[in-house]
Amino acid sequence: MRAPPALRPKSRVAVVAPASGFPREELVRGLAVLADRYTVTMRSGAFSREGYLAGSDARRAEELAWAMTADGIEAIVCARGGYGITRIVDRLPWDAFVTRPRWIVGFSDVTALHLEAQARGIASVHAANVTGLSRTTPRERLALVRILEHHEGPVLRDLEVVHDGPAATGVVVGGNLTLVECQSAAGALVVPEGGVLVLEDVTERPYRLDRMLTSLARAGHLGRVSAIVLGDLTDCTPGPDGVTAEAVLRERTACLGVPVLAGAPFGHGRRNMPIPLGFTATVRPLAGTCTFAPPTG
């Protein structure tokens, strides 16, 4: 695993719209945050709409391919998640990207890009999309800068121990649970042996979380991890049966025999601390912490 080259103030950053469309005013507010430190470039086609997508598959794939290969671009920040990246992910110039990697930043549907990059040995950042940047805290913005410019990850504290166990260290993989399971179903998910799996999701009924975790377990992915860190399960409310998302996560991970910590401040809730995917995490249940070290490759 290796991290893309570190950014500097005024580094050139490409904003792309590879998934769903978005309100223009939200993007403008986020662009102002990004432009306060970096030189932002964006194509006008990013404002395209085609149903629930930000333009056609061809448009979105071409825009991403440009951002992944163009000279001078040092990071790719996604405008919004939603849906659409899995439709184009196999069209992208991954070989060229690996030759000259640059940071991919975003979350939600952007998990598909993170997992594809990690499968090829390139680290990336699970963090707010551009449309959400104006709602991030100064601490979250500083954490993103420290990852991108110094390869320094945050320290997650006060985590809740769902299942105890010894301290565990491994390569961080994951993101949005729905997208992780989609990658698995497509045969494209790579979970490193001893990896630390980070998961979050939004508006999924608990039984659907159960289904996705069961699918990952049956595929052998959960059996490879050394720890699990759970972020926000935003609006994953119980159905008529009253079963909670927390109860599902506790029951579905009990048999793994690895530490499971919850309450990490990332995901679709009010907190979205950047998580450096592909870095090496150390999970300490006794201390309730998760720390990150950059890859040495």
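Yes/no matrix, rows are residues, columns are (1) of a type outside the set (S, T, N, Q); (2) more than 11 Å from the chain's Cα centre (by Cα); (3) part of a loop (DSSP other than H, G, I, E, B):
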{"residue": "Gly82", "(1), (2), (3)": "yes, yes, yes"}
{"residue": "Ile104", "(1), (2), (3)": "yes, no, no"}
{"residue": "Glu116", "(1), (2), (3)": "yes, yes, no"}
{"residue": "Ala128", "(1), (2), (3)": "yes, no, yes"}
Filter result for Arg135 (surrounded by fewer than 17 Cβ atoms within 10 Å (Cβ to Cβ), in a loop (DSSP other than H, G, I, E, B) and charged (D, E, K, R)): yes
When the residues of region 42-76 are narrowed to those that are modelled with pLDDT of 95 or more, surrounded by 15 or more Cβ atoms within 10 Å (Cβ to Cβ) and farther than 20 Å from Arg91 by Cβ, which ends up nearest to the chain's Cα centre (by Cα)? Ala75
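If you check Gly106, Gly121, Gly82, which single one turns out to be closer than 17 Å to Pro295 by Cα and not polar (S, T, N, Q)?
Working: Gly106 fails: closer than 17 Å to Pro295 by Cα; Gly82 fails: closer than 17 Å to Pro295 by Cα.
After ruling out the rest, the residue left standing is Gly121.
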Among the residues listed as Val161, Val130, Val125, Val171, the single one being surrounded by fewer than 20 Cβ atoms within 10 Å (Cβ to Cβ) and of a type in the set (Val, Ile, Thr): Val161
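Only one residue in Asp95, Asp71, Asp90 is assigned to a loop (DSSP other than H, G, I, E, B) and free of Cβ contacts under 8 Å to residues at least 12 places away in the same chain. Which one? Please lay out each step first, then the result.
Numbers: Asp95 fails: assigned to a loop (DSSP other than H, G, I, E, B); Asp90 fails: assigned to a loop (DSSP other than H, G, I, E, B).
None of the others qualify; the one that does is Asp71.
Give the residues of region 140-158 that are hydrophobic (A, V, I, L, M, F, W, C) and surrounded by fewer than 18 Cβ atoms within 10 Å (Cβ to Cβ), sorted by residue number.
Across region 140-158, the qualifying residues are Leu142, Val145, Val155.
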Cβ-Cβ distance below 8 Å, separation of 6 or more or different chains: which pairs start in region 197-220 with a residue that is closer than 21 Å to Gly170 by Cβ and end on one that is among the small types (Gly, Ala, Ser) and assigned to a helix (DSSP H, G or I)? Leu216/Ser184; Ala217/Gly223; Ala219/Ser184
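Residue by residue, here is whether (1) assigned to a loop (DSSP other than H, G, I, E, B); (2) hydrophobic (A, V, I, L, M, F, W, C) holds:
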{"residue": "Gly175", "(1), (2)": "no, no"}
{"residue": "Ser184", "(1), (2)": "no, no"}
{"residue": "Val190", "(1), (2)": "yes, yes"}
{"residue": "Leu213", "(1), (2)": "no, yes"}
Matching residues in region 232-243 - criterion: being among the β-branched types (Val, Ile, Thr), touching a Pro at 6+ places or on another chain (Cβ under 9 Å) and under 20 Å from Phe266 (Cβ atoms): Thr237
All positions within region 54-68 that are part of a loop (DSSP other than H, G, I, E, B) and either under 19 Å from Gly30 (Cβ atoms) or of a type outside the set (Ser, Thr, Tyr) (or both): Ala54, Gly55
Restricting attention to region 185-208, does a residue exist that is surrounded by 16 or more Cβ atoms within 10 Å (Cβ to Cβ), farther than 23 Å from Ile104 by Cβ and in contact with a strand residue (DSSP E or B) (Cβ under 8 Å, 6 or more places away or on another chain)? yes
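The values are calculated or read from the model by the stated rules, or taken from the named source; none is laboratory data. What you see is a predicted model, and the numbers here were worked out from it, not measured in a lab. With ideal geometry, Cβ positions are generated from the backbone for all residues, glycine too; neighbour counts draw on all protein chains shown.
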